[in-house]
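Asks: Would you mind keeping the following structure in view while I ask a few things?
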Amino acid sequence: MAPGAGAALLEALVRQRVFQIACGYEDQDDADTLRTDPLLKLVCGRLPESGADLASQPTFSRLENAPNGPACYRLARALLAVYLQERERTGIPRRILLDVDGTDDPTHGHQEGTAYHGYYRQHMYHPLLVFDGETDHLLTAVLRPGNAHESAGRWPSCAARPRATRALAGRALELRADSGFAVPALYDYCDQEGLAYTIGLIPNPRLEAVAAPLLAEAQRNRSTPGPRRWAGGRGALPGGQLATRARVVYKAEALVEGPNTRFVVTTRTAPPLAVYDWYVDRGEPELWIKDLKRACFADRLSCHRFAANQFRLLLHAAAYWLLDTLRRWLCQLGVARLQLDTVRLRLLKIGGRVQEWLTRVRLHLASSHPSEPLWRLLATRPGRP
């Protein structure tokens, strides 16, 4: 094999696998038929009719079982580099907000790393996902054993240490997460790395006692038409659970259904109610995770080896990037934001005819296709090469 041929072959295999997933063919077996598909051959760098066929299922089985931990790390770093390139396209940001969340991926059989999780009540993997909270970009996806605590993992995960990310992006990092991440070890880590953070707290008797005066005031001033919101804050709680630079922000509401209190630990210095309103914006990552799992099939981690499933998870994350890029182009052109499975249905899952000529390849699409205007928008978008 010629020098560099191995790397080129590996790139072609990864490209084919990612495009298949993005087009809705997540099973390796699908490659046995799609390996002759003219458009898939074209996007993988081969001529649609005269070019050699693509890889089949056994080749992909060997591909996904070959990587080890360092190989997965390099792929994660490649995805992070793609994110940074896109994030800085309009200028270097002053900061990067990391919205982190875990999700469940049920397992079957004796897969490496599978374990029973008491909260989800199933045997599973427990992937960790990191998004940019301001742009919705996916930074990375880290596979964890099924019994891993919600906060387990180094920040912002194995893709890069925060100092490395800061050096690339040139700006500060901030972490936002739900109460599953509220552990002293994470506070200490953020302090050591210089990360700002805002993390939910699970109510407990100590916190409820702190918020009791505020809740009583909310109940005294409750108006009949709707709830009244009151917010306060204080420094570290007794017992030294929080770093000195952090404070607890709490919100109290007097609702018809009864009293409602919520707690957040934060290093932000804004007024308490503004901090809490900013924290609840983190609910959006659940929609992005839904896109990743439903439209990009990221919960199809059926290999036996743990490293193989981490590699597969990153392939599905790359497919998410492809579809999300199409969606962003459409949004820039004034099209309402679409779910990723809708993007695939309207732009990719359509019939056509491919003609290979001596000097060019021509694609014919049905003129009556209902999403033809979207194709025209993409074909004429500003900045298109």
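Every number here is computed from the coordinates shown, using simple stated rules; none is lab data. Everything quoted here is computed from the prediction, not taken from an experiment. Note that we place each Cβ from the backbone using ideal geometry, even for glycine, and neighbour counts take in every protein chain shown.
Asks: For the range 1-90, how big is Rg over Rh, using alpha carbon atoms and the Kirkwood form of Rh? Let's see the in-between values first.
Replies: Values: Rg = 14.6 Å, Rh = 14.5 Å.
Reported Rg/Rh, Kirkwood definition of Rh: 1.01.
Asks: Considering only 144, 362, 87, give the residue with the highest GNM mean-square fluctuation for the chain, with springs between Cα atoms whenever their separation is below 10 Å.
Replies: 362
Asks: Please check: in the Gaussian network model of the chain (C-alpha springs, under 10 Å), which one of 213, 285, 272 has the largest mean-square fluctuation.
Replies: Looking only at 213, 285, 272, the largest GNM fluctuation is found for 213.
Asks: What does the extension gain come out to for residue 77 and residue 284, with contour length at 0.36 nm per residue minus their alpha carbon separation? Kindly include the intermediate steps, with their values, before the conclusion.
Replies: Details: separation 207, 0.36 × 207 = 74.52 nm, distance 2.44 nm.
Here the answer is 72.1 nm.
Asks: Ok, one more. Each residue of the range 270-282 in turn: what ³J(HN,Hα) in whole Hz from Karplus with 6.51, -1.76, 1.60 and θ = phi - 60°, glycine and Pro shown as x?
Replies: 5, x, x, 5, 5, 5, 5, 4, 5, 5, 5, 5, 6
Asks: Any idea what angle helix 184-193 forms with the longest principal axis of the chain, computed on alpha-carbon atoms, 0 to 90 degrees, nearest 10?
Replies: Its long axis makes an angle of about 70 degrees.
Asks: Turning to a different aspect of this structure: Quick one: which residues, 5 or more positions from residue 175 or on another chain, have an amide H under 5 Å from its amide H? H modelled 1.01 Å from N in the peptide plane, none for Pro or chain starts.
Replies: 98, 196, 197, 198
Asks: Another question about this same structure. Measure nothing fancy, just the Cα-based angle from helix 306-332's long axis to the longest principal axis of the chain, in degrees from 0 to 90, nearest 10.
Replies: With both axes taken from Cα atoms, the answer is about 90 degrees.
Asks: Looking at the range 37-146, I'd like the Rg to Rh ratio, where Rg is from alpha-carbon atoms and Rh is Kirkwood's inverse mean 1/r. Walk me through the numbers before you get to the answer.
Replies: On the way: Rg = 18.7 Å, Rh = 17.3 Å.
Result: Rg/Rh = 1.08.
Asks: Angle, helix 69-87 long axis vs. longest principal axis of the chain, Cα atoms, 0 to 90°, nearest 10?
Replies: 80
Asks: When the helix-only estimate is applied to the chain (DSSP H runs of n ≥ 4, each -39,500 (n - 2.57), divided by the residue count), what is the mean residue ellipticity at 222 nm, nearest 500 deg cm²/dmol? List each step's numbers first, then the result.
Replies: Values: 13 runs with 148 residues, N = 385.
Using -39500 (n - 2.57) per qualifying helix, the result is -12000 deg cm²/dmol.
Asks: Ratio of the chain's C-alpha Rg to 2.2 N^0.38 Å, to two decimals?
Replies: Details: Rg = 24.2 Å, N = 385, 2.2 N^0.38 = 21.1 Å.
The reported ratio for this selection is 1.14.
Asks: Work out from phi, with θ = phi - 60° and the Karplus expression 6.51 cos²θ - 1.76 cosθ + 1.60, the ³J(HN,Hα) of each residue of the range 19-25, listed in order in whole Hz, and give x for Gly and Pro.
Replies: 5, 4, 4, 4, 7, x, 10
Asks: Could you work out the Kirkwood radius for the range 269-385, taking every pair of different alpha carbons, averaging 1/r and inverting it, reported in Å?
Replies: The answer is 17.5 Å.
Asks: Rg/Rh for the range 298-359 to two decimals, with Rh computed the Kirkwood way over all alpha-carbon pairs. Write down the numbers at each step before the final one.
Replies: Details: Rg = 16.2 Å, Rh = 14.2 Å.
Expressed as Rg/Rh, it is 1.14.
Asks: Let me ask another. Full-extension gain between residue 337 and residue 61, please, as 0.36 nm times their residue separation minus the C-alpha to C-alpha distance.
Replies: Result: 95.8 nm gained on full extension.
Asks: Another question, then. Report the residue, chosen from 294, 89, 35, that carries the largest GNM mean-square fluctuation when the chain is represented by alpha-carbon nodes joined by springs under 10 Å.
Replies: 89
Asks: Right, another one. Which aspartates and glutamates have a Cα lying under 12 Å from the Cα of residue 251, excluding residues fewer than 8 positions away in the same chain?
Replies: 208, 217, 277
Asks: Can you compute the charge dipole magnitude of the chain about its Cα centre, using +1 on each Lys and Arg Cβ and -1 on each Asp and Glu Cβ, nothing else charged? Give it in debye, rounded to the nearest 20. Don't jump to the answer; show the numbers that get you there.
Replies: On the way: 50 positive and 40 negative charges, 203 e Å.
Dipole of the chain, to the nearest 20 debye: 980 debye.
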